[in-house]
Structure formats: structure tokens, C-alpha cells
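Visitor: Here it is, the structure, as C-alpha cells.
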Amino acid sequence: MMRALIGTPSVSSTNIAHDQSNLPLINLLADWLENIGFDVDIQHLVDQPNKANLIATIGPKSPTSQGLILSGHADTVPYDDTQWLQDPFKLTEKDNKFYGLGSTDMKSFFALAIDTASKFKNAKLKQPLTILATADEESAMSGAQALTSAQLGHAKYAIIGEPTSLIPVRMHKGVMMESIVVTGHAGHSSNPALGASATEGMNQVVNALLKWREALQRKHQNPVFDVSVPTMNIGSIHGGDNPNRICSHCETQIDIRPLPGMKIDDLREDLNRVLGKLLPESSGLSLTYKPIFCGVPPFETPADAVFTKTVEALSAAQSKAVAFGTEAPYLTQLGIDTLVLGPGNINQAH
């Protein structure tokens, strides 16, 4: 099963040149699950008919069911085949390790989950067991965002099989990516009065961002995380076209990782307030700010939750917090107690 899953390309990307349908992989999972008695529902995404979620369930379902979900995403990141020593779409075993695109993040989880589920008989299940496969986790998380309580109302608990070295994760930071553009007026560099420099305006923006980051980190801290404060990375700055021309356009893109308890909408409102004060009309500069994508909320399941304690006991490991994001907050928003727990190490993801 691992060989077939990895051999079925399902790259998702914000770049349409790399983006692929996940339907061949969804259909492969559906065939396997139907053959072992699961009821399979394939939900196509409204705005992307070539993408779908799979919800496969076995066992008794009722309005009061408190079933378990084993969840994963059916896509991978893009790849650079010049950096691979093996065919990324061929499962390769070497030195007691498996290599292949998605072997860790996270197609192998489906093979393990299905193999385990096949050992249970429908008649012996007291609560329903669901295997969930989502679309586009690696790009926009549109599959997880499309899930509804009507689809998963039979479930109370969920394990997301992202690579955690089989250590339960009950908390992670959120992810925001934002674009800030300063627009000026081009002119000959010999006379600054002939133009308005967007790069000089962006210098004010960057200084304001760094001060804002300091304020956030003074206000918000959580020692459970290795990096105990929210982070902000100024990931790119692009502007201008020639040394002797006043720059008329400059963009920076930033990444923000909020802690649990911090709300994305509140952060964006605060950032708008900070940026709105920077560039007066008299400067000849204008500023626009927009999110690059909707963002992934922070996630937390309480340390004293029954589900947390149960999974810690079963895995013989104490739950922890991580910096990377998952689809967990979208399941918790549906009232499902969620933990992240899977084979492999995040160091080999992507």
C-alpha cells in the first residue's frame, strides 16, 4: 500500500504549474476501504472539482456516537528531482529506512491505518471508526476547511497522523503569511524631489514591524514551546529595478506564528493599525496590506483532557507542543478532541 500511495502523484501547490489533482489517490484509498467494509463518501471541493476529501466509516453510527477519526492529508509538497538520490515516486528501502515523496509526510500513515483497521470486524465495534483523507493541506488547507459537523458528527476524537516520532502533540502555533506593498513614484536618482522612494518607505515599514514583534513577544509567552514567543519572519523584500532610478514599488512578505490563545483576526486588525500610521499622504507613498492566505489558527487540546491522558498512556509518552502547523484546529472547531500522532520525524517532511 505504501508503494502504491507514493507511486500516485498528488502534489498540491499555490503555483498552478505544480498543482495536481488528488482524485487518483482518493479513489485508490476508496477502493481499499470499501473492500474491507467501510462506507465511503467522496466529497469534491466546491471550487476545485479535481480535488476531494474522503470520509470512510465502519461501525455503528448514531447522533450520540463518539467515534474515532484517523486523519491524514492526501497531498504532498512539490519536489525537485535534482535533489533526490532515488525516484521520488518509487518507494525505496535503504538502511532500514523508506524513501519516497510522502513516505514521512504523510502517505505511509494511510497504509498503517488501513492495515490496522482491517484487523477489526464491524460487529465488534462499539463506536464508529473513520479514516479521513483531506485535500490541499500543503497549500491552502481547503480540504480541512470544507469539513462540516454534518459529515463528522459521529466522531468525538481524532488522531492526525503527521510525523511526530509517535509522540502525541496537543498544541501547536498558528501560521499567517502576509503581503505589504509600498507604492511610490519613479524618477531620476539625481534629484530625489522628482520621485517618492518605495524602498525608503519600506524601510519605515520594516522598522515598525520589528517594534511590533517586540511588543507581541513581551505580551505573549508560553514556556511549553521550545520557542516560547510568537515569531515573525520577514521572508522576502523585492523592489526597484535599477540603481539610478527611484524605486516606485516594493513588497515584503512576512510569516507570523501565533501562540494558542492569540487570534488571527485580532493580529491582522492590530497590524493594520500599526501600518496605517506610517506613510502620510504628503510622503507621496501609499501602502496596501493583505493576507496571502486565510491562515491556520493555533491549536490546543488541554493537558488534562481525558483523550490526552488516554493517548499518553497508550503511547507511553508525554504530549508536547510543536512549531509546525496541522489541520488539527479545523477538527477542534467541529467539537472533536484532537491530537497529532504519527510515524516518522518532522525533520524528514517536505
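The values are calculated or read from the model by the stated rules, or taken from the named source; none is laboratory data. Every value quoted in this text rests on a predicted model; they were computed, and no experiment measured them. Cβ atoms come from the backbone with ideal geometry, glycine included; neighbour counts cover every protein chain shown.
Visitor: Looking at the stretch 14-43, which of the residues that are closer than 19 Å to HIS350 by Cα and surrounded by fewer than 17 Cβ atoms within 10 Å (Cβ to Cβ) is farthest from the chain's Cα centre (by Cα)?
Guide: ALA17
Visitor: Kindly list, by first and then second residue, each pair from a residue in the stretch 130-147 that is among the hydroxyl-bearing types (Ser, Thr, Tyr) to a residue that is surrounded by 20 or more Cβ atoms within 10 Å (Cβ to Cβ) and outside any strand (DSSP E or B), limited to pairs with Cβ atoms under 7 Å and residues at least 6 apart or on different chains.
Guide: Pairs found: THR134/ALA74; THR134/GLY143; THR134/ALA144; THR134/GLU327; SER139/SER12; SER142/ALA135; SER142/ASP136.
Visitor: How do the helices (runs of 4 or more DSSP H) wholly within the stretch 94-199 filter down when requiring 2 or more residues that are of a type in the set (A, V, I, L, M) and either in the same structural domain as SER10 (by TED's automatic domain parsing) or over 26 Å from the mean Cα position of the chain (by Cα) (or both): which remain?
Guide: On the way: elements: 107-117, 142-145, 149-152.
Filter on the stretch 94-199 gives 107-117, 149-152.
Visitor: Now for a separate question. Sort out which residues of the stretch 320-336 are aliphatic (A, V, I, L, M) and either under 13 Å from PRO260 (Cα atoms) or in a loop (DSSP other than H, G, I, E, B) (or both), and write them in order of number.
Guide: ALA321, VAL322, ALA323, ALA328, LEU334, ILE336
Visitor: Okay, next question. Please go through the stretch 1-40 and pick out each residue that is closer than 20 Å to PHE293 by Cα and among the aliphatic types (A, V, I, L, M).
Guide: VAL11, ILE16, ALA17, listed by residue number.
Visitor: Among the residues of the stretch 66-87, what is the count of those that are in contact (Cβ under 8 Å) with a residue 60 or more places away in the chain and over 20 Å from ALA328 (Cα atoms)?
Guide: 2
Visitor: Right, next: Residue under question is PRO298, and the condition is that it be touching a helix residue (DSSP H, G or I) at 6+ places or on another chain (Cβ under 8 Å) and within 21 Å of LYS173 (Cα to Cα); does it hold?
Guide: Judged against the criteria, PRO298 is a match.
Visitor: State yes or no: is LEU339 surrounded by 15 or more Cβ atoms within 10 Å (Cβ to Cβ), of a type in the set (A, V, I, L, M, F, W, C), modelled with pLDDT of 95 or more and not in a helix (DSSP H, G or I)?
Guide: For LEU339, the condition - surrounded by 15 or more Cβ atoms within 10 Å (Cβ to Cβ), of a type in the set (A, V, I, L, M, F, W, C), modelled with pLDDT of 95 or more and not in a helix (DSSP H, G or I) - is met.
Visitor: Go through the stretch 2-31 and report how many residues are more than 13 Å from LYS51 (Cα to Cα) and polar (S, T, N, Q).
Guide: Here the count works out to 3.
Visitor: Given the structure, is ALA158 crowded, with 16+ Cβ neighbours inside 10 Å, in contact with an Asp or Glu (Cβ under 8 Å, 6 or more places away or on another chain) and hydrophobic (A, V, I, L, M, F, W, C)?
Guide: Working: crowded, with 16+ Cβ neighbours inside 10 Å: yes; in contact with an Asp or Glu (Cβ under 8 Å, 6 or more places away or on another chain): yes; hydrophobic (A, V, I, L, M, F, W, C): yes.
So ALA158 fits the description; yes.
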